[in-house]
Amino acid sequence: MSVYLDYNASAPIDSRVLDVMIDVYRNNIGNADSRTHNFGENARTVVEDARKQVASLLKVLPDEVFFTSGATESNNIAIQGLKEYANKNRKKHIVTTAIEHKAILETVKHLKTEDFEVEMVCPDLSGRVSCEEILSKVREDTLLVSVMHVNNETGIIQPVKELGEALQDKNILFHIDATQSCGKLVKEVQELNYNMLSFSAHKLMGPQGVGVLVLKKKSYRLPPVKAIFYGGQQEHGIRPGTIPVALTAGCGKACEIAETDYIKNNDHSLEIKSKIIGELDASGLQYRFNGDQNYCVSTTLNICIEGVSSEALMISTKQYCGLSNGSACTSKSYDPSYVLVAMGIPTEKIENSIRISWGPDTDVEETVNNFRELLKIAKQIKN
Ligand code: PMP
């Protein structure tokens, strides 16, 4: 059977999460904002318990947690929701990086049509952007700095800790897209300084279709973010629409599990990583890592195998492994990965690059065996 190795695109739901959700779907009917009956009150209790579970994982206050449909929406609210404040205060300069998820890149691109100025910082071959370079772009009229914690294609950790410390006393908002680090780099995320943080539950084995935007209070006040669409006062007006009670319960449970299991999960992922690298070393194939492994998470490998087209490899090894050569949201295009391009990797090397990502329930033996078969085929199709 094929082994799923594309957890950075979406991780499978944990069965404990699914059990909680099924129970809510069966036994907790109602709208969490209905005030006229117990059904509504009970649904509200489920949502607020989930909010506490998220808050505990992130070490923030429950009323700093806002449920959304996922990181794409959280990122959009975090950026577009600042428009009114930006216009009022004539702060329309944004600094971000060329390796952000499209939910950031396309949102800031859209803001350019509304007279915002956007500056992009590229990483070097290490896959990391420079904290100093980002800080050197910051000006009097800078509204926002938005940098991801861990890149979804390379797994490379970005200097958001240093950035948060440097920006905390400045009158600039700092947003972190922590979609690939939440529930994994648990202590690190807890220690970050930021005003806004986004993630999606499905990357930490929760359900698809729910995520969080954290808005951290400063002197008891939330960041000046407004809703970007209209229709209700749910989530304090920041995210209108009926709260999906079972999805929030699943998100909360996934956070609770991550908080208790993350050290064990990390050890498990490290074992898989070292075994995959061992197979690569033993294969005789020439390969190189995309990104400095000193800064890479335990759950991701992005590698270039010399002379082996990633498209050909993925198609001819589908029976062994499900992997990818870029983020799922851009996989419909055959353009080379914009993340690897921004790192300065030549196109022919990008064409030979694959991303492998795994998680807590990935079976070590099955993964190693199937990856070994994949490498045998890689040797056969090598130019
Ligand atoms: N940011 C990052 C870093 C991601 O990896 C993803 C998902 N690939 C997103 C944002 C968007 O998440 P979703 O599609 O769940 O909204």
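Restricting attention to helices (runs of 4 or more DSSP H) lying wholly within segment 306-383, give those where 2 or more residues are touching a strand residue (DSSP E or B) at 6+ places or on another chain (Cβ under 7 Å). Spell out the reasoning first.
Numbers: elements: 310-316, 338-342, 347-350, 364-381.
The helices (runs of 4 or more DSSP H) meeting that bar are 310-316, 364-381.
Among the residues of segment 176-232, just one is away from the ligand (no atom under 15 Å from the Cβ), in a loop (DSSP other than H, G, I, E, B), under 29 Å from PRO360 (Cβ atoms) and among the basic types (Lys, Arg), namely LYS216. Candidates ARG26, ARG16, ARG51, ARG35: the one that is basic (Lys, Arg), at negative phi and open to solvent by less than 50 Å² (accessible area, probe 1.4 Å) is ARG51.
The single condition from (1) touching a strand residue (DSSP E or B) at 6+ places or on another chain (Cβ under 9 Å); (2) open to solvent by 50 Å² or more (accessible area, probe 1.4 Å) that CYS251 fails is (2). Of the residues making up segment 76-99, those that are more than 14 Å from PRO223 (Cβ to Cβ) and either open to solvent by less than 10 Å² (accessible area, probe 1.4 Å) or at pLDDT below 95 (or both) are HIS93, ILE94, VAL95, THR96, THR97, ILE99. Just a yes or no: is a residue in segment 66-82 out of contact with any Asp or Glu (no Cβ under 8 Å at 6 or more places or on another chain), of a type in the set (D, E, K, R) and more than 16 Å from the ligand (Cβ to nearest atom)? Checked against the condition, which is being out of contact with any Asp or Glu (no Cβ under 8 Å at 6 or more places or on another chain), of a type in the set (D, E, K, R) and more than 16 Å from the ligand (Cβ to nearest atom), segment 66-82 yields no hits at all.
Which of the helices (runs of 4 or more DSSP H) found entirely inside segment 96-168 contain at least 1 residues meeting this: within 16 Å of the ligand (Cβ to nearest atom) and under 30 Å from SER10 (Cα atoms)?
Per the criteria, 102-112, 160-167.
Is there a residue being surrounded by 15 or more Cβ atoms within 10 Å (Cβ to Cβ), of a type in the set (Phe, Trp, Tyr) and outside any helix (DSSP H, G or I) anywhere in segment 289-298? Checked segment 289-298: at least one residue is surrounded by 15 or more Cβ atoms within 10 Å (Cβ to Cβ), of a type in the set (Phe, Trp, Tyr) and outside any helix (DSSP H, G or I). Can you spot a residue in segment 340-355 that is more than 16 Å from the ligand (Cβ to nearest atom), modelled with pLDDT of 95 or more and under 30 Å from LYS264 (Cα atoms)? Yes, that holds for at least one residue. Every test in (1) farther than 15 Å from SER357 by Cβ; (2) assigned to a helix (DSSP H, G or I); (3) out of contact with any Leu (no Cβ under 9 Å at 6 or more places or on another chain); (4) touching a residue at least 60 places away in the same chain (Cβ under 8 Å) is passed by THR260 save one, and that test is (4).
The values are calculated or read from the model by the stated rules, or taken from the named source; none is laboratory data. Bear in mind the structure is a predicted one, so any value in this text is a computation, not a measurement. Please note: Cβ atoms are built from the backbone with ideal geometry, for glycine as well, and neighbour counts cover all protein chains shown. In case anyone asks, the SASA skips ligands and DNA or RNA and just uses the protein heavy atoms, side chains included. Shrake-Rupley method; radii C 1.70, N 1.55, O 1.52, S 1.80 Å.
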